[in-house]
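Written below as structure tokens is the structure these notes are about.
The values are calculated or read from the model by the stated rules, or taken from the named source; none is laboratory data. Quick caveat: nothing in here was measured; it's all calculated off a predicted structure. FYI the Cβ positions are ideal-geometry reconstructions off the backbone, even for glycines, and counts take in every protein chain you see. The accessibility values were calculated without ligands, DNA or RNA, using every heavy atom of the protein model including side chains. Shrake-Rupley method; radii C 1.70, N 1.55, O 1.52, S 1.80 Å.
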Amino acid sequence: MATLTKDWLTDGWIDFEYKKYLLLAYLQDVKGNFSQARLFPDLPDVQTHFEIASQLKNTKSEIVASFPKKVTGVDFKKKRFVYEKFQESQQLSEIDSILEYSLPLFQQTLTEGRNQYADIEAQLTFAPVGIVPLHLKEGYLFLYRARRHETDIYHYQIRLFEHREQRGVQTTYLETVRKSISTTFENLKLTLIKKRRELPNPATYLIESPADYPVQETLLPIAKRLIVKYVA
């Protein structure tokens, strides 16, 4: 699996062709995962790279604009001073070329991933199981894959990540249950309540997938976000 460190642009040998090779190898691997409907952790990773590259480009422009400039003359027609052109260093010029090349590719890959995410999410069915309690920050998640007739059961907790000021869901896998006519989701919930007395009236959510998408790389991350969206 190809990876890019967050400081890949400035780390090590700063050469356009070398960085281009690293970038294309990384994006080829990402798109290979997307083609298999494996969206995580690549999708948020690409977004991070795009945001960092965009910020670097803006910061570079601000730095260049802040450099002191020598007055070389006066443009009387436009009524303004003429300054000498800033001479970039070779490394700064290489970084600029890398940014110009990488930003559209990051944007394109990010758009493809987001569209695929939206398509998969639109296929999923999300619904609470049984009576919804007042306490929603902890409970159970049923991840049902219809083609396999299997329900993966998770314990979930919603936590606030203060450094990001965002809510996130932590999950713990409990078991996988084969779905049958007599095994309803309501019955599964009642069985959990009997087995796990610490949650006598748990919030329980069902997410049903008609297709057999990868669990860890796609279904579970999307399910976590749906829970946060529903609770919020």
Quiz item: For the stretch 117-182, which whole-number percentage of the solvent-accessible area (1.4 Å probe, protein heavy atoms only) is attributable to carbon and sulfur atoms?
Solution: 48 percent
Exercise. Would you mind working out the accessible area per residue for the stretch 183-232, using a 1.4 Å probe, and quoting it in Å²?
Key: 50 Å²
Quiz item: Volume per residue, Å³, of the convex hull around the alpha-carbon atoms of the stretch 155-232?
Solution: 122 Å³
Self-check item: Angstrom value of the Kirkwood radius, inverse mean 1/r, which spans all Cα pairs in the stretch 93-197
Solution: 17.4 Å
Quiz prompt | Unit charges on C-beta of K, R, D, E only; dipole of the stretch 160-232, Debye | solution = 240 debye
Quiz item: Quick one: which of Lys6/Lys229; Lys137/Lys179; Lys57/Lys224 span more than 30 angstrom between C-alpha atoms?
Solution: Lys57/Lys224
